[in-house]
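Notes for the one structure printed next.
The values are calculated or read from the model by the stated rules, or taken from the named source; none is laboratory data. The structure displayed is predicted, hence computed values, not measured ones. Quick reminder, even Gly has a Cβ in these numbers, built from the backbone with ideal geometry, and neighbours come from all protein chains shown.
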Amino acid sequence: MEEVVVTGMGCVTPLGNTVTELWESLLAEKSGVSNIARFDTSAYDVHFAGEIKEFDPSPYFTPRDAKRYSRNIQYVVHSAMNALEQAALDPKSVDPTRAGVILASGMGGMEVYYNTSVTLANRGPSRVSPFFIPMVISNMGSGEVSIRLGWMGPSFTPVSACASSNHSIISAVDQIRLGRADVMIAGGTEEAVCPVGIAGFSSMRAISTRNDDPEKASRPFDKNRDGFVLGEGAGVLILESKSHAEKRGAKILARIAGVGMSADAYHISAPRDDGEGVKLSIENALKDARISIDKVGYINTHGTSTPLGDVAECSAIYKAFEGKVDHLKVNATKSMTGHMLGAASAVEGIVTVQSILNQKIHATKNVFEKDERILLDVCENGASNHSFDYAMSNSFGFGGHNSVVVFAKN
Amino acid sequence: MEEVVVTGMGCVSPLGNDPEVLWKNLLAGKSGVSNIERFNTDEYPVHFAGEVKVFDPTPYFTEKELKRYPRNVLYAMHSAMTALEQSGLDLKTVNHSRAGVILASGMGGVDVYYNGSLTLANKGPKYLSPYFMPSVISNLASNFISIRLGWMGPSFATLSACASSNYSLISAVDQIRLGRADIMIAGGSEESVGPLALSGFSAMNALSRRNDSPETASRPFDKNRNGFVLGEGAGVLILESRTHAENRGAKILASVPGVSLTADAYHISAPREDGKSVTNAIRYALKEAKIKPQQLRYINTHGTSSLRGDIAESIAIYNAYDGKIEGLKINSTKSLIGHLLGAASAVESIVTILSLRDQKIHISKNIEEKDPDIIIDVVDKESIDYEFEYAICNSLGFGGHNSVVIFGKES
């Protein structure tokens, strides 16, 4: 089976709309969390998020286009184009029947879903826009990118809440391994910082209400964490078969050594407290990568800053390593970007690749008093140099959709 | 690589909530399209749909659960449980870490989204239910069923608009082929017959407005077709590796010798007129199944009754066969149940399997005057007996997501 490598990356995040900006901000421990500017949050319990405040839709969208394409689609097109640029891949130079696009989104066109519901109720069916359906359905990111590139290979949208873009990466890897494609665009996008997003998650008591101190709200592994911080944006990776990448002289950023999935099969929003599902997905990924766990030097955790999730994940990791965690560093990118939902795993995959390339691990911000049940090195004291060949990017979606991608140094 | 077979099927549809009932009605040419009863459609340009009018969600849900879970999950659960029953799978002996659930839903909890949005807009954020978020997401059915069964294998949802559940089948087949699972629940569900979807699709001028004659509105391949008819429901198939099925003495309903997925890369809602990507999809699937086009004598088409879609699809099929279409029969299940969106391909796959089993092809209804540009043989007069070993279920989603699943007769 073909080996799969990463040759390009692109993103739109609360810490910047280029991979370089994102990475440098993470190393400098900047926070992308701030008071929400997009809508009036006075009636809401939560006033802050990892909001995309600076995003220029051009050159990929004209101002007129911007009205017809949901934000999540604009973010992911931008990210895909940037990723292709980094990969030095001219979309027209590949066999279009062997190039596909699998992009995830947890909730698609959330704003248009909400706005149209209100329009329908108040003004009637004749006022519903003909663009409603294409703007709202979660597969339009994949559709739009494949249309722009002319790529006719496998294309659809995996959805698994917060794990969506890891399932996208895994599905894209599968297409290459099964011989259906040579190149795949993978990743995810989300436009969650909107009324429905904030209200929906705060009704579940899932998000932090630390309104007096937004930058310190996302605090994975901290004793006083009180829920995640909503984020949004997009992340895209260009995946290729190793032979296709080498043939065109591409710069290989990292290899995808293995992938693993499982389901908690436990509860629609709370994680299993025995960590069995997480453990299974890790085991599956290691088996697929054909490595023993001690080869993994870094884990970019799911680490959302929820009271239950963080400790469940770290316990499962600790158990999987049989307590031999001296050379393992883990961190949580969400401490600085917030939780980008359907885009989270893709952006964290990008961070993992950057970490491998630079042999550096960014800090987990806001760990003021580490939860004593967490026995791992969570990099709370600043970014550090670290020597490692294999890293894992974990994503455990609401409802227990578990996914692990193992990246390796090339 | 492991061969994949089908060992169970279940459905909820406008023509019945059991595959045999659905099948019997299709053979009889009965229509499941009628005036919408669930809500007042006076202000809508379209008053009819393939609505699920009769559905009893018990015994699979408690009273409390019924209030919390959206219709698409109720439909999916019913379909999954009845499919499992048919498969005869002993749930106690299944290796849970190698049993997964991949289900699709094009739009998820549409009605919940609509009502929740209104609550938010009119009353404020503090009134939004804590069940809103978990209920609207398209992966809830996959999640719920894996929880109910305790199945810890691969689990996510696949979305590709109208082709969503074929993509679910293909992803599930892949998990088995790649050795990650022995058994997968796959399919899709949709709760589309509601204010938002009805107004959304009619605003695109995608729906037929034949309000004076709902039963004849869905008329794929007819010269006077003018849009599709919205439908809803669910379809679930139990897929297993052949080894796993044979080891437990399961009755195998059909094999899945070939699948393929391609993209039009053309337009967000209109199909490529030359059907090139669909032709490719058919060819790749045939190649994978190691069969020649002439061995594949029945295609359950996507056939939505849209002006451009039906002709593009028939051109694609014609080209995939290099014009040698003698012996090929096609029909469209949508002519009788409407377009079940994210559930369509799963339900149509079930119909395809029953067609193979009984060596019958149901009528493609409402062809009063066949479009002269469509030169493939459509079963338009009445349901027929037919001898065939392989059949295709085609599904082509908005955004240009094409998918082909080949089923093989199991003796």
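I need a count of the residues in the range A:358-373 that are surrounded by 14 or more Cβ atoms within 10 Å (Cβ to Cβ) and either among the charged types (D, E, K, R) or assigned to a loop (DSSP other than H, G, I, E, B) (or both). Qualifying residue count for the region: 10. Could you tell me how many of the residues in the range B:8-36 are surrounded by fewer than 24 Cβ atoms within 10 Å (Cβ to Cβ) and not in a loop (DSSP other than H, G, I, E, B)? So the count comes out to 9.
Picking from residues in the range B:259-300 that are within 14 Å of chain A (Cβ to nearest Cβ), within 24 Å of A:Asn139 (Cα to Cα) and acidic (Asp, Glu), the one that is surrounded by the fewest Cβ atoms within 10 Å (Cβ to Cβ) is B:Asp274. Across the range A:140-162, the qualifying residues are those that are more than 8 Å from chain B (Cβ to nearest Cβ) and buried (at least 24 other Cβ atoms within 10 Å of the Cβ), and the one among them that is farthest from A:Gly231 (Cα to Cα) is A:Val145. In the range A:386-399, the count of residues that are over 19 Å from A:Thr352 (Cβ atoms), within 14 Å of chain B (Cβ to nearest Cβ) and assigned to a loop (DSSP other than H, G, I, E, B) is one or more.
For the range A:278-307, the candidate set comprises residues that are among the small types (Gly, Ala, Ser) and in a helix (DSSP H, G or I); within that set, the residue that is nearest to A:Gly231 (Cα to Cα) is A:Ser281.
Mind listing just one residue for me: the one in the range B:94-126 that is in contact with a Leu (Cβ under 9 Å, 6 or more places away or on another chain) and over 26 Å from B:Gly200 (Cα atoms) and, of those, nearest to the other protein chains (Cβ to nearest Cβ)? Going through the qualifying residues, I end up with B:Ser97.
Restricting attention to the range B:145-172, the residues that are out of contact with any Gly (no Cβ under 6 Å at 6 or more places or on another chain), in a helix (DSSP H, G or I) and buried (at least 24 other Cβ atoms within 10 Å of the Cβ) total 8.
Restricting attention to the range B:348-375, which residues are closer than 30 Å to A:Gly150 by Cβ and either assigned by TED's automatic domain parsing to the domain that holds B:Val33 or surrounded by fewer than 18 Cβ atoms within 10 Å (Cβ to Cβ) (or both)? If the condition is that a residue be closer than 30 Å to A:Gly150 by Cβ and either assigned by TED's automatic domain parsing to the domain that holds B:Val33 or surrounded by fewer than 18 Cβ atoms within 10 Å (Cβ to Cβ) (or both), then B:Asp373, B:Ile375 are the ones that fit.
Applying a threshold of 6 Å to beta carbon distances and a minimum spacing of six or more residues, or different chains, the list of pairs starting in the range A:264-286 at a residue that is more than 9 Å from chain B (Cβ to nearest Cβ) and ending at one that is in a loop (DSSP other than H, G, I, E, B) and surrounded by fewer than 22 Cβ atoms within 10 Å (Cβ to Cβ) reads A:Arg272/A:Tyr266. Only one entry in A:Ala37, A:Ala66, A:Ala88 is among the small types (Gly, Ala, Ser), assigned by TED's automatic domain parsing to the domain that holds A:Ala186 and in a helix (DSSP H, G or I), namely A:Ala66. The set of residues in the range B:332-382 being of a type in the set (Lys, Arg), in a loop (DSSP other than H, G, I, E, B) and touching a Leu at 6+ places or on another chain (Cβ under 7 Å) consists of B:Lys365 alone.
Residues in the range A:115-139 that are farther than 21 Å from A:Asp65 by Cβ and in contact with a helix residue (DSSP H, G or I) (Cβ under 7 Å, 6 or more places away or on another chain) were compared, and the one that is farthest from the other protein chains (Cβ to nearest Cβ) is A:Arg127.
May I ask you to verify whether A:Lys324 is more than 28 Å from A:Asn139 (Cα to Cα) and either at pLDDT below 95 or not polar (S, T, N, Q) (or both)?
On the way: more than 28 Å from A:Asn139 (Cα to Cα): yes; either at pLDDT below 95 or not polar (S, T, N, Q) (or both): yes.
Yes; evaluated as a whole, the condition is true for this residue.
Taking the conditions (1) assigned to a loop (DSSP other than H, G, I, E, B); (2) within 7 Å of another protein chain (Cβ to nearest Cβ); (3) under 20 Å from the mean Cα position of the chain (by Cα) in turn, A:Val193 satisfies each one other than (2).
Out of the residues in the range A:309-350 that are buried (at least 24 other Cβ atoms within 10 Å of the Cβ) and within 17 Å of A:Asp389 (Cβ to Cβ), state the one that is farthest from the chain's Cα centre (by Cα). Going through the qualifying residues, I end up with A:Val330. Evaluating A:Ser165 against the criteria (1) touching a residue at least 24 places away in the same chain (Cβ under 8 Å); (2) away from every other protein chain (no Cβ under 14 Å) leaves one unmet condition, (2).
Quick check, is A:Gly150 in the same structural domain as A:Tyr113 (by TED's automatic domain parsing), on the phi > 0 side of the Ramachandran plot and of a type outside the set (Lys, Arg)? Yes. Can you say whether A:Gly200 is part of a strand (DSSP E or B) and among the small types (Gly, Ala, Ser), as far as the supplied structure shows? Criteria not met by A:Gly200. Among the numbered conditions (1) out of contact with any helix residue (DSSP H, G or I) (no Cβ under 7 Å at 6 or more places or on another chain); (2) at the interface with chain A (Cβ under 7 Å from one of its Cβ atoms); (3) among the hydrophobic types (A, V, I, L, M, F, W, C), the only one that B:Leu198 does not meet is (2). The numbered conditions (1) buried (at least 24 other Cβ atoms within 10 Å of the Cβ); (2) touching a Ser or Thr at 6+ places or on another chain (Cβ under 9 Å); (3) within 11 Å of chain B (Cβ to nearest Cβ) are all true for A:Arg180 except (1). Tell me, which residue of the range B:203-215 that is under 21 Å from the mean Cα position of the chain (by Cα) and either surrounded by fewer than 19 Cβ atoms within 10 Å (Cβ to Cβ) or within 12 Å of chain A (Cβ to nearest Cβ) (or both) is farthest from B:Ser117 (Cα to Cα)? Filtering first and then ranking leaves B:Glu215.
Are any residues in the range A:29-54 in contact (Cβ under 8 Å) with a residue 40 or more places away in the chain and exposed (fewer than 15 other Cβ atoms within 10 Å of the Cβ), and if so, which ones? Answer for the range A:29-54, where residues must be in contact (Cβ under 8 Å) with a residue 40 or more places away in the chain and exposed (fewer than 15 other Cβ atoms within 10 Å of the Cβ): A:Asn35, A:Phe39. Looking across the range B:51-83 at every residue that is in contact (Cβ under 8 Å) with a residue 60 or more places away in the chain and more than 18 Å from B:Gly10 (Cβ to Cβ), the one that is surrounded by the most Cβ atoms within 10 Å (Cβ to Cβ) is identified as B:Pro70.
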